[in-house]
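Everything on this sheet refers to the single structure shown next.
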Amino acid sequence: MKEKLEASDPTPESKTEATVTDSGVDVSRRAVLKSAAALAGVAGTQAITGFPLIWAQDIKNIELRHVGVSYSVVKAIGDQASKDLGFKVTMQNLDTSAAINRFVTQPNTVDIADVEGWQAKLATKRGVLQGIEVKKIKEFENILPIFTKGEFSGKVVSRQGISPYEAMYISKPDATELHEGVTPWATFLPQVYNADSMGYRPDLIKKEITEWKELINPAYKGKAAILDVPAIGIMDAALCFESAGEIKYANKGNMTKSEIDFTINRLIELKKQGQFRATWTTFDQSVQLMAAGEVIIQSMWSPAVAAVRVKGMPCIYAPVNIKNGKEGYRGWCNGMALMKHLSGKKLDAAYEYLNWYLSGWQGGFVARYGYYSPVPSTAKKFLTANEWDYWYEGKPATAEILDPYGVPMEKPGAKRDGGSFIERVTNISCWNTLMDEAQYMNKRWNDFKAA
Amino acid sequence: MTTGITDTISTGASSEGVPVETAFAKKGASSSAGRSGGMAWLYVSPLVLILIPFFIAPIFVVVVASFLENDGFGGMLPHFTLANYASVFSAELTLRLYASTVKFAVLTWAGTLIIGFWIAYFLVFHVRNQLLAIGLFLLCTVPFWTSNIIRMISWIPLLGKNGLVNSILISAGIIHQPLEFLLFSDFAVVVAYVHQLTIFMIVPIFNAMSRIDKRTVEAALDAGASRFEIMRYIIVPLSKNGIALGSIFVLSIVMGDFFVVKVMSGGGSASIVSALFEDIAVLQYPPAAASAVVLLIVVVTMIALILRTVDVRKEIAR
């Protein structure tokens, strides 16, 4: 199976050529020249993929610190990378806000920063990153065009919020402003992503939930919860109010002051009516709320729903496909960024690490808890046919589904909520964000909290 | 001034023929003043060496940051502005945050004071065997061998909708619907705080009470005082210092905390620090710094007021 897939892949060289020239066309003549150089670079990179012994000796003492949130920066992945690459990769976990604060205030204590699109934008502004030379990334042309071109199978991907594509490019390696359109320099390299929605208890809610407005349905008063991370919690709320037909946002991911006011005022009203049992900030809190029976519907992440089910409690991840210009998932994507201080051998090692990351092992690993790899073609090599069909195709499992650590998760016949991977990602209607009015929004969110 | 004092000391010490008593008196009087000399600086230097890098410098940075402009992307522009303070003082939110935080602080203070006072009283006046008293006192510290967070989180399965308390009450037929106010409410926040902080009341009050001369109580009894009068005229006034010290611990901890509020209120309440934490999460440093400075001033004022009622130096020197 594995060999067959590899054989069916087009040769990397021919594909590289196509993409690099593609991107060159719409940038400038200079970029075309650069891409010619890029080709030479690719040839060079390929020559060293065998990790010659000399290299292996040189890099043995290198240690890379990959820092980010726990669901994206996973120790098991770092351990495997260290084993495969011959140098040490250390994974360090911080919560979202501690992570961005560290990247910005102590950039030299981090080698690879794990950032979301909006964090990539912030970190770029602060000048703590260096551009990733796209031509050095072997699988770059196989990364889904959702990220690299902002489109998927010919359709433009939503630009509400800060889409990965929007945050992805800069015009030169030390630029501090994002660049609209494809360039040879990336701010971050997408590595894991998903589409967030709601979770609910099918034994207590006797109907199928496919719309966000159910979260604010008075029928579930005192049994609903919402995410309490201001920047994304407000988007979940916006999806609810839009779904209920109360308002139409120009851009849910970058609201105007009056849109923020409307959203927060409605949240305060709902809070006073007792709609929300609680709010949650961490993965575990959301699992606990649901598993302990405190709430029966809440905004939730896909693996958290799975975690509730592992505890023996029925829980469904609501498929909120876009309908009539409403609904849709809130997408997020974490990627790896190179810190500015990396140079010489350490920088080479970092590029090797990025290339390893997209080569499939990690994609297979994260698939087993419901997240996706930006390069599904390599992840597929590390999944069984049953796993691929279950996680990516949305087909019923033909055998027991195990989590990344080998613990049984789903029985044969189980089907993933939300359908196939393509159905999910094409129904993303907004992305995690940091609004221009972030300061005002935060203040208003605190109003909601203190109300 | 320094020289003046040194002169006094040297004259005091060197002048012969001065009666011994006067020499002693002079030494006694001038010794505290004399510490501000070179030797005194040497004495305080370890403390100063710790305080400057770990206390003075960070606060200085925060104060400076609070007057800077914010570029919205985590950058601070070196332009002096009062806008951060203006927005802190003009927002209704500030008032509500202080109201909610002060409410938690006062309720927690009352809870810890009542429980802490009676535990200390029991240990000092009712446990005759001093060894046993100290043993029981140490027992009070056992829960503190584990982390604050674990002690707080262990309340959740107890107070939840399907938690222990609700299930017991329902199965006993006392209630028919689970009591929702038990968890994710202000009640839950105060319970967790009281659980966490009572020890900070017990220790100083225990300390103050064990210094009360038991013969005073006996004398009062012999003179016909009632239990209430003994409490009111002897125990409470003599434990005042301990109560004040305990109050400082409890109030300053609650005022500066946000995690308990966040978890136990289920995110339903906010505190001053939780609000400024949200600012830091998106790198809005100057507004966060301004509200930190305001909070610092408020807490320092609070503690200063408490200290007016008690002479801590006397308490420690005793």
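The values are calculated or read from the model by the stated rules, or taken from the named source; none is laboratory data. All of these numbers come straight from a predicted model, not from anything done at the bench. Here the Cβ positions follow ideal geometry from the backbone for every residue, glycine too, while neighbour counts run over all protein chains shown.
Quick notes on this one:
- All conditions in (1) within 18 Å of the chain's Cα centre (by Cα); (2) more than 14 Å from chain B (Cβ to nearest Cβ) hold for residue A:299, with the sole exception of (2).
- Failed criterion for residue B:262 (all others in (1) within 14 Å of another protein chain (Cβ to nearest Cβ); (2) within 17 Å of the chain's Cα centre (by Cα); (3) among the basic types (Lys, Arg) hold): (2)
Okay, residues lined up against (1) aliphatic (A, V, I, L, M); (2) surrounded by 15 or more Cβ atoms within 10 Å (Cβ to Cβ):
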position: A:162; (1), (2): yes, yes
position: A:169; (1), (2): no, yes
position: A:193; (1), (2): no, yes
position: A:218; (1), (2): no, no
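- Criterion violated by residue B:114 - all others in (1) closer than 22 Å to residue B:240 by Cα; (2) in contact with a helix residue (DSSP H, G or I) (Cβ under 7 Å, 6 or more places away or on another chain); (3) not in a loop (DSSP other than H, G, I, E, B) satisfied: (2)
- Tally of residues being under 30 Å from residue B:260 (Cα atoms), surrounded by 17 or more Cβ atoms within 10 Å (Cβ to Cβ) and of a type in the set (A, V, I, L, M, F, W, C) across the stretch B:182-233: 18
- Number of the condition not met by residue B:298 [criteria: (1) away from every other protein chain (no Cβ under 14 Å); (2) farther than 14 Å from residue B:89 by Cα; (3) touching a residue at least 40 places away in the same chain (Cβ under 8 Å)]: (2)
- Check on residue A:308, away from every other protein chain (no Cβ under 12 Å), modelled with pLDDT of 90 or more, in contact with a strand residue (DSSP E or B) (Cβ under 8 Å, 6 or more places away or on another chain) and assigned to a helix (DSSP H, G or I): yes
- From B:308, B:318, residue being at pLDDT 85 or above and either more than 8 Å from chain A (Cβ to nearest Cβ) or under 16 Å from the mean Cα position of the chain (by Cα) (or both): B:308
- Considering residues of the stretch A:120-170 that are of a type in the set (S, T, N, Q) and in contact with a strand residue (DSSP E or B) (Cβ under 7 Å, 6 or more places away or on another chain) only, the residue nearest to the other protein chains (Cβ to nearest Cβ): A:124
- Of all residues in the stretch B:56-106, those satisfying the criterion of being in a loop (DSSP other than H, G, I, E, B), crowded, with 16+ Cβ neighbours inside 10 Å and away from every other protein chain (no Cβ under 13 Å) are B:67, B:68.
- Annotation note: Cβ proximity below 7 Å between a residue of the stretch A:273-291 that is more than 8 Å from chain B (Cβ to nearest Cβ) and in contact (Cβ under 8 Å) with a residue 12 or more places away in the chain and a residue that is assigned to a helix (DSSP H, G or I) and of a type in the set (A, V, I, L, M, F, W, C) (sequence gap 6+ or interchain) occurs for A:275/A:216; A:283/A:304; A:286/A:304; A:287/A:304; A:287/A:307; A:287/A:308; A:290/A:308; A:291/A:308.
- In the stretch A:68-87, residue nearest to the chain's Cα centre (by Cα) [restricted to those that are within 28 Å of residue A:196 (Cα to Cα) and of a type in the set (Ser, Thr, Tyr)]: A:72
- Residue in the stretch A:426-436 that is surrounded by fewer than 20 Cβ atoms within 10 Å (Cβ to Cβ), more than 14 Å from chain B (Cβ to nearest Cβ) and closer than 17 Å to residue A:367 by Cβ present: no
- Residue list for the stretch A:91-119, filter: among the hydrophobic types (A, V, I, L, M, F, W, C) and within 12 Å of chain B (Cβ to nearest Cβ): A:94, A:98, A:99, A:100, A:103, A:104, A:118
- Count of residues meeting criterion [among the hydrophobic types (A, V, I, L, M, F, W, C) and within 12 Å of chain A (Cβ to nearest Cβ)] in the stretch B:180-207: 5
- Considering the stretch B:247-318, the qualifying helices (runs of 4 or more DSSP H), each wholly inside and each with 1 or more residues that are buried (at least 21 other Cβ atoms within 10 Å of the Cβ), run over B:259-264, B:272-281, B:285-308.
- Only a single item in (1) in a helix (DSSP H, G or I); (2) away from every other protein chain (no Cβ under 14 Å); (3) of a type in the set (S, T, N, Q) is not met by residue A:334, and it is number (1).
- Helices (runs of 4 or more DSSP H) wholly inside the stretch A:338-451 that include at least 2 residues being aromatic (Phe, Trp, Tyr): A:344-357, A:361-367, A:385-391, A:438-450
- Among the candidates A:203, A:228, the residue that is more than 25 Å from residue B:274 (Cβ to Cβ) and modelled with pLDDT under 95 is uniquely A:203.
- Single unsatisfied condition, residue A:319 versus (1) closer than 16 Å to residue A:417 by Cβ; (2) not in a loop (DSSP other than H, G, I, E, B): (2)
- Qualifying residue in the stretch A:199-219 (condition: within 14 Å of chain B (Cβ to nearest Cβ), in a helix (DSSP H, G or I), closer than 27 Å to residue A:366 by Cα and touching a helix residue (DSSP H, G or I) at 6+ places or on another chain (Cβ under 7 Å)): no
- Applying the criterion of at least 1 residues that are at pLDDT 90 or above and acidic (Asp, Glu) to the helices (runs of 4 or more DSSP H) found wholly in the stretch A:28-104 leaves A:75-85.
- Of the candidates A:350, A:367, A:379, A:306, the single residue that is touching a residue at least 60 places away in the same chain (Cβ under 8 Å), among the small types (Gly, Ala, Ser) and within 27 Å of residue A:427 (Cβ to Cβ) is A:306.
- Residues of the stretch A:261-276 classified as among the aliphatic types (A, V, I, L, M) and surrounded by fewer than 20 Cβ atoms within 10 Å (Cβ to Cβ), total: 1
Condition check ((1) buried (at least 17 other Cβ atoms within 10 Å of the Cβ); (2) out of contact with any Ser or Thr (no Cβ under 7 Å at 6 or more places or on another chain)) across all residues:
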position	(1), (2)
A:337	yes, no
A:341	no, yes
A:345	no, yes
A:348	yes, yes
A:352	yes, yes
A:364	yes, yes
A:371	yes, yes
A:385	no, yes
A:393	no, no
